[in-house]
1. Does region B:1-43 hold any residues that are among the polar types (S, T, N, Q), open to solvent by less than 50 Å² (accessible area, probe 1.4 Å) and modelled with pLDDT of 95 or more, and which are they?
2. Looking at A:Ser52, A:Ser69, A:Ser40 in this structure, which one is within 13 Å of chain B (Cβ to nearest Cβ), over 27 Å from B:Cys91 (Cβ atoms) and surrounded by fewer than 16 Cβ atoms within 10 Å (Cβ to Cβ)?
3. What are the pairs, 6+ residues apart or on separate chains, where a residue within region B:77-99 that is more than 9 Å from every other protein chain (Cβ to nearest Cβ) and exposed (fewer than 13 other Cβ atoms within 10 Å of the Cβ) has its Cβ under 7 Å from a residue that is modelled with pLDDT of 95 or more and not in a strand (DSSP E or B)?
4. Could you check how many residues of region B:100-114 are more than 7 Å from chain A (Cβ to nearest Cβ) and either of a type in the set (A, V, I, L, M) or over 12 Å from the mean Cα position of the chain (by Cα) (or both)?
5. Search region B:56-73 for residues being under 20 Å from A:Leu102 (Cα atoms) and in contact with a helix residue (DSSP H, G or I) (Cβ under 9 Å, 6 or more places away or on another chain), and hand back the single one that is least open to solvent (accessible area, probe 1.4 Å).
6. Just the residues that are surrounded by 16 or more Cβ atoms within 10 Å (Cβ to Cβ) and farther than 13 Å from B:Gln48 by Cβ, please, taken from region B:101-114.
7. How many residues, within region B:79-110, are modelled with pLDDT under 95 and among the polar types (S, T, N, Q)?
Amino acid sequence: QKEVEQDPGPLSVPEGAIVSLNCTYSNSAFQYFMWYRQYSRKGPELLMYTYSSGNKEDGRFTAQVDKSSKYISLFIRDSQPSDSATYLCAMSGSGSSNTGKLIFGQGTTLQVKP
Amino acid sequence: DSGVTQTPKHLITATGQRVTLRCSPRSGDLSVYWYQQSLDQGLQFLIQYYNGEERAKGNILERFSAQQFPDLHSELNLSSLELGDSALYFCASSVDGTPGETQYFGPGTRLLVL
């Protein structure tokens with residue numbers, strides 16, 4: 001079983017829809033939770049960042065972390081065709097290892113149709 | 001543009017050969033990470049360097065090695081290449097390589113082993 005599980009999709013929605021993307025994880029040491037967006041043939045870029053449990057909102061994007069359930073979500077409101085990309089959840093821990101290495105989910109491919 | 005540069009962009013080579021991938025981090029970043037992205041395994045952490053020293057190691061094969069030079073650029077060496085090594089290789093950088101820091105990804109090197 002992978003440390004981070006993410007449904008690869010693909011997910012296809014009409015423009016304007018609310019999109020929900022999710023990841024589950026097994027390692028309780030994870031403290032930092034990120035969502036990266038990757039356009040085709042490009043490097044991932046950081047979209048949202050959350051420390052520990054809670055919600056964070058940035059424009060049309062909302063990230064939620066529920067550490068008790070080991071479950072994180074990304075919501076996209078009023079989705080646009082330009083949101084079509086692969087969304088990767090990523091996590092890192094804290095503690096004595098002192099490494100920022102990221103553990104990624106498989107990525108969910110999203111297509112927003114005009 | 002993340003500020004992280006990677007060369008070459010594309011590489012086509014034969015099984016058994018050796019290649020070197022190069023990464024220059026963002027100005028001011030001391031830590032470099034290498035990740036491998038393949039269709040079946042997703043984005044996987046390989047190795048991390050901080051200011052010339054190895055800080056963390058992931059699922060990196062013994063045929064692969066890396067180093068970070070005094071000018072902070074890094075090279076990933078892949079030897080005795082196999083078909084299964086075909087993948088996208090990303091370099092990322094961050095300021096001091098600790099958990100929770102934003103990592104900035106380069107555009108990647110696409111490796112095809114024939």
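1. Listed by number, the residues that qualify are B:Gln6, B:Thr13, B:Ser24, B:Ser31, B:Gln36, B:Gln37.
2. Sole residue among the options that is within 13 Å of chain B (Cβ to nearest Cβ), over 27 Å from B:Cys91 (Cβ atoms) and surrounded by fewer than 16 Cβ atoms within 10 Å (Cβ to Cβ): A:Ser52.
3. Correct list of pairs: B:Glu82/B:Thr15; B:Leu83/B:Thr15.
4. Residues that pass the stated criteria total 5.
5. Restricting to residues being under 20 Å from A:Leu102 (Cα atoms) and in contact with a helix residue (DSSP H, G or I) (Cβ under 9 Å, 6 or more places away or on another chain), the top hit is B:Phe64.
6. Listed by number, the residues that qualify are B:Tyr104, B:Phe105, B:Gly106, B:Pro107, B:Gly108, B:Thr109, B:Arg110, B:Leu111, B:Val113.
7. Residues meeting the conditions: 2.
The values are calculated or read from the model by the stated rules, or taken from the named source; none is laboratory data. Treat the numbers as computed from the prediction; the structure is a model and nothing was measured. Cβ sites come from the backbone with ideal geometry, for glycine too, and all protein chains shown count toward neighbours. SASA here: full protein model, heavy atoms, side chains in, ligands and nucleic acids out. Shrake-Rupley method; radii C 1.70, N 1.55, O 1.52, S 1.80 Å.
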